[in-house]
Amino acid sequence: MAALYKVNKMSFKISCFLAWRFIVGVHDSLRISTVSKICFFSIFIATTCFALQIFVAQGFDKALTEKMQSIYPELLLESPQGKSFDYPTIKKKLLSQFDKKIIATSPCHTKKIILTAPDSQIPSAVILKAIDPATESLVSSLQEKLLDKKDLRQALQDDCIIIGKELAAFYGFTIGDSCTLLFTQDDELKTSTESFQSLKVTIGAIMQTGIIQYDKYTIICSLQTMNESLDEPALTQIGVKLATKTQEAPLIEKLEQELQVEVSSWKTLYPALVSASNLEKYVMFLLLALMISIASTNIIALIFMQITQKKRDIALLKLLGMDDQTLTLLFTLSGTIIVTAAALCGITFAVLIGKFLQWYPFIELPDAYFCTHLPVEIELRSIFLVLGTVISIGTIASWFSARSARLLKITDTLRFEG
């Protein structure tokens, strides 16, 4: 490949002109014309499939991130060994030292409890998460998950709680119903050794996040309820909202060093889910890249056919002084032009399909997914990735077959073909 760059500017222009003339002149031969069309449409279809797969994979990534960040803050600070945070001090430090990366914070605390209903003898062990209703909306979109669209402050006033839709359906709860929370001060739910304290609460709102851990096994209350009614004033977690385009990994490392606390994101809470998503993307990328490689073998056949048909022209060009590098470049460009045209048409068609699916999301997905319809996310870098991959594979395939033009013997060709 390095030899291709040694040709001078004039040779390159001649190669481009002749390559274009060869492509335009394919109609002179029915065979070459047919193979050229097969090459174009095979690469066109492969590029369209390749681009659509990347757009859909990015759509699933975005849908998964939005789903997780609707209930989890972008970053979550955990106090060491369950000790309570000095929240005003930590907040001031975060917003002063990391003012360009962190735009909001909100405290919270979690506790293990048991929920019982008046009309049921089946208790449920759940997590009680205490939040600050005034600041929680700054770090998560929990309020948007409330089915009745209540404000968090209104939903959590006067010892009210928010429960998930699955838990509400299990007990038949509706807004305004009462239930009892059983808890211990040390979070050890062993009925044989501990006497439970109880608190009667009211269902203030019902949430639906689409994640079973929240919809069935998590209850939300206010920090005021946790502090006063459950007599637990601790703050063991701080949710953090990041500025746009902030890199999580470097910031997590810096926060852990500066504050000596454990910092996590939803990706660290669900590593198996993230790994499965990444593995799926890599496998699909390799499979579709292989499909493009197979489609590019048509280019090899086309260029071999062109070289066979243009034996006399090649011999005359070599007789007039064209070197082997220029001759190889000529046929490489011939294949690259076809691949580039097919790739541009394919990516354009894929973008149009992607936009159509964004405007009219008619493909529904089963409940196993984090979204109801097939998600599509089109990014400029993905378009360039597809174009670069397809054109690179096509150019290599063209160069591989174009080298055979150097093996043509001038004397034999002019003697028998002339």
*asked:* Among the residues that make up region 94-110, is at least one of them within 27 Å of LEU230 (Cα to Cα) and of a type in the set (Phe, Trp, Tyr)?
replied: no
*Return a yes/no flag: does region 352-371 have any residue that is modelled with pLDDT of 75 or more, surrounded by 15 or more Cβ atoms within 10 Å (Cβ to Cβ), more than 30 Å from LYS37 (Cβ to Cβ) and not polar (S, T, N, Q).*
yes
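Residues checked against (1) β-branched (Val, Ile, Thr); (2) on the phi > 0 side of the Ramachandran plot; (3) in contact with a Leu (Cβ under 9 Å, 6 or more places away or on another chain):
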site: ASP215; (1), (2), (3): no, no, yes
site: LEU223; (1), (2), (3): no, no, yes
site: LEU230; (1), (2), (3): no, no, yes
site: THR244; (1), (2), (3): yes, no, no
site: GLU253; (1), (2), (3): no, no, no
site: GLN260; (1), (2), (3): no, yes, no
site: LEU288; (1), (2), (3): no, no, no
site: SER293; (1), (2), (3): no, no, no
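Within region 139-146, does at least one residue satisfy the condition of being in a loop (DSSP other than H, G, I, E, B), touching a residue at least 60 places away in the same chain (Cβ under 8 Å) and surrounded by 15 or more Cβ atoms within 10 Å (Cβ to Cβ)?
Our first condition is that a residue be in a loop (DSSP other than H, G, I, E, B); within region 139-146, this holds for 140-141.
Cutting the leftovers down to touching a residue at least 60 places away in the same chain (Cβ under 8 Å) gives us 140-141.
Add one more test, that the residue is surrounded by 15 or more Cβ atoms within 10 Å (Cβ to Cβ), and what stays is 140.
Yes, there is a match, as at least one residue in region 139-146 is in a loop (DSSP other than H, G, I, E, B), touching a residue at least 60 places away in the same chain (Cβ under 8 Å) and surrounded by 15 or more Cβ atoms within 10 Å (Cβ to Cβ).
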_Of everything in region 117-155, what is in contact with a helix residue (DSSP H, G or I) (Cβ under 9 Å, 6 or more places away or on another chain), of a type in the set (S, T, N, Q) and within 19 Å of TYR217 (Cα to Cα)? Give them in sequence order._
SER120, SER124, SER140, SER141, GLN143
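Checking the structure you have, find out if any residue of region 384-402 is within 19 Å of SER277 (Cβ to Cβ) and either of a type outside the set (Lys, Arg) or at pLDDT 90 or above (or both). Working first, answer last.
Of all residues in region 384-402, those within 19 Å of SER277 (Cβ to Cβ) come to 385.
With either of a type outside the set (Lys, Arg) or at pLDDT 90 or above (or both) added as a condition, the list becomes 385.
Yes - at least one qualifying residue is present in region 384-402.
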*Among the residues of region 68-90, write down those that are surrounded by fewer than 19 Cβ atoms within 10 Å (Cβ to Cβ) and assigned to a helix (DSSP H, G or I).*
GLN69, PRO80, GLN81, GLY82, TYR87, PRO88, THR89, ILE90
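Tell me the residue from SER229, SER178, SER222, SER198 that is modelled with pLDDT under 85 and out of contact with any helix residue (DSSP H, G or I) (no Cβ under 6 Å at 6 or more places or on another chain), please.
SER229
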*asked:* Against the definition (surrounded by fewer than 19 Cβ atoms within 10 Å (Cβ to Cβ) and either within 28 Å of LEU75 (Cβ to Cβ) or in the same structural domain as ASP215 (by TED's automatic domain parsing) (or both)), how does LYS129 come out, yes or no?
replied: no
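Looking only at residues in region 219-256 that are hydrophobic (A, V, I, L, M, F, W, C) and assigned to a strand (DSSP E or B), which one is surrounded by the most Cβ atoms within 10 Å (Cβ to Cβ)? First the steps, then the outcome.
Looking only at region 219-256, we keep the residues that are hydrophobic (A, V, I, L, M, F, W, C), and these are 219-221, 223, 226, 230, 234-235, 238, 240, 242-243, 249, 251-252, 255.
Applying the additional criterion that residues be assigned to a strand (DSSP E or B) yields 219-221, 238, 240, 242.
Numbers: ILE219: 24, ILE220: 28, CYS221: 26, ILE238: 24, VAL240: 24, LEU242: 19.
This residue is ILE220.
If you check LYS101 against the conditions, is it touching a helix residue (DSSP H, G or I) at 6+ places or on another chain (Cβ under 7 Å), at pLDDT 85 or above and surrounded by 17 or more Cβ atoms within 10 Å (Cβ to Cβ)? Working first, answer last.
On the way: touching a helix residue (DSSP H, G or I) at 6+ places or on another chain (Cβ under 7 Å): yes; at pLDDT 85 or above: yes; surrounded by 17 or more Cβ atoms within 10 Å (Cβ to Cβ): yes.
Considered against the rule, which asks whether it is touching a helix residue (DSSP H, G or I) at 6+ places or on another chain (Cβ under 7 Å), at pLDDT 85 or above and surrounded by 17 or more Cβ atoms within 10 Å (Cβ to Cβ), LYS101 comes out as yes.
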*Can you name every residue in region 147-191 that is under 23 Å from GLU228 (Cα atoms), among the small types (Gly, Ala, Ser) and assigned to a helix (DSSP H, G or I)?*
ALA155
*What are the residue pairs meeting all of these: first residue in region 267-293, first residue polar (S, T, N, Q), second residue modelled with pLDDT of 80 or more and part of a helix (DSSP H, G or I), Cβ atoms under 6 Å, and 6 or more apart or on different chains?*
SER293/ILE393
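The values are calculated or read from the model by the stated rules, or taken from the named source; none is laboratory data. Because the structure is predicted, anything quoted here is derived from the model rather than measured. Virtual Cβ from ideal backbone geometry, glycine too; neighbours counted across all protein chains shown.
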